[in-house]
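A short worksheet on the structure shown next.
Each reported figure results from applying straightforward, stated rules to the coordinates on display, with no laboratory input. In this text, all values refer to a predicted model and were calculated from it rather than measured experimentally. Every residue, glycine among them, receives a Cβ derived from its backbone with ideal geometry; neighbour counts consider all protein chains shown.
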Amino acid sequence: MKGLILVGGYGTRLRPLTLTVPKPLVEFGNRPMILHQIEALAAAGVTDIVLAVNYRPEVMVSTLKKYEDVYGVTITFSVEDEPLGTAGPLKLAEKVLKKDDTPIFVLNSDVICEYPFKELAAFHKYHKAEATIVATKVDEPSKYGVIVHDPYTPNLIDRFVEKPVEFVGNRINAGLYILNPSVIDLIEMRPTSIEKETFPILVEKKQLYSFDLEGYWMDVGQPKDFLSGTCLYLTALTKKSPEKLCSEPFVTGGNVLIDPSAKIHPSALIGPNVVIGPNVVVGEGARIQRSVLLANSQVKDHAWVKSTIVGWNSRIGKWARTEGCTVLGDDVEIKNEIYVNGAKVLPHKSISANVEHESIIM
């Protein structure tokens, strides 16, 4: 089988982190975001993975090629001269994706979940359709494009309703698909949307089904969702792989993932819902909650860090406080006793005055 991961462009929603590295290489749960997907595809029997990119492909090539041997896959980079939407990349990579008649997994690189690729492939094979969409349930379907099923055929999609005013269903497109290679014949070589242009054709042909996703799901392409997705991911780990989580006395509330190379003062309080990366240093009496600390960052004595993404090599001073979905880019310094609420701080900046309201520090 084959897989196509839609990597896309500049990752503007996740800035300032993506000013330093491409979004797929930003660590989620202490591993590059895209590695979660490559691993899951390989485990499902995928042997060819295509990454559709249009920004800084050379960085990803050098980083990801080493995983080919680790996971027994061939990784191909399909580089777009212009953004091609969600369907154009399939046409661009047609040579690889149509080299045999096995199905193709397609997924957005922002999506984090417990990827059910084996179950999805079995479901798709059973229904003998041209394409299957993974669907997830939401509490407020009026914000999304909602899947409406055929009343007589279970899981067969009848239509999509964009941001419905009246309730028509609570399942939405989760950004994961499995397609037969024949679907590529429906796509023209131009910027085009699989959701708006290709799927409606398959609906008319009664060749599009949906598969219900169990467990958590999150698009982690922007900071607030990155933090929410981290909480969901850590909660899932407590059930699936609790041995990966930290249980040291300084952990409070659980759901804490710490790289072995990090140095945490015994009097610090960490948790719940915290990820601490390689070579991070956390000082005496520091308090960290619902946050992600990326590699080589430092939280000094008695600092309070909540709902914050601390970028690589950044430093939070003594008695400082950050909260409100603050994001520090690479090599940012928050001076001692400074309060930061909801700031997005670009790389290599130093903050020496309080930031009380959401703002971008350039």
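What list do you get for Tyr339, Tyr152 if you sort them by fewest beta carbons within 10 Å?
On the way: Tyr339 16, Tyr152 7.
If I rank by nearby Cβ atoms, fewest first, I get Tyr152, Tyr339.
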Query raised in the report: Label points 7 Å out from Cα along the Cβ direction at Thr252 and Arg13: separation in nm?
Result: 3.3 nm
Query raised in the report: Label points 7 Å out from Cα along the Cβ direction at Val148 and Glu284: separation in nm?
Result: 6.6 nm
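Could you work out the per residue convex hull volume over the alpha carbons of the range 223-361, in cubic angstrom? Please list the in-between numbers first.
Details: hull volume 10.9 nm³, N = 139.
Considering the Cα atoms of the range 223-361, their hull volume per residue is 79 Å³.
If each DSSP helix of 4+ residues adds -39,500 (n - 2.57) and the sum is divided by the residues in the chain, what number results at 222 nm, nearest 500 deg cm²/dmol?
Working: 8 runs with 68 residues, N = 362.
Value at 222 nm, helices only: -5000 deg cm²/dmol.
Share of antiparallel DSSP beta bridges in the chain, in percent to the nearest 5? Please list the in-between numbers first.
Values: 22 of 83 bridges.
Percentage antiparallel, nearest 5: 25.
Would you please name the GluC sites (Glu not before Pro) within the range 136-203 that are DSSP coil residues with at most 12 other C-beta atoms within 10 Å of their C-beta?
Working: sites: Glu162, Glu166, Glu188, Glu195, Glu197; in loops: Glu166, Glu188.
Answer by residue number: Glu166, Glu188.
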Report summary line: Whole-Å distance linking the alpha carbon centroid of the range 188-256 with that of the range 335-362 is 30 Å
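Past 18 Å, Cα to Cα: identify those pairs from Lys137/Lys239; Lys263/Lys300; Lys125/Lys206; Lys91/Lys196; Lys2/Lys99; Lys263/Lys318, in the order given. Please report the intermediate quantities before stating the final value.
Working: Lys137/Lys239 21 Å; Lys263/Lys300 12 Å; Lys125/Lys206 15 Å; Lys91/Lys196 16 Å; Lys2/Lys99 10 Å; Lys263/Lys318 16 Å.
In this structure, Lys137/Lys239 lie more than 18 Å apart at Cα.
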Report task. Grab the other residues whose beta carbon is less than 11 angstrom from that of Leu6, score K and R as +1, D and E as -1, and report the net. Result -> -2
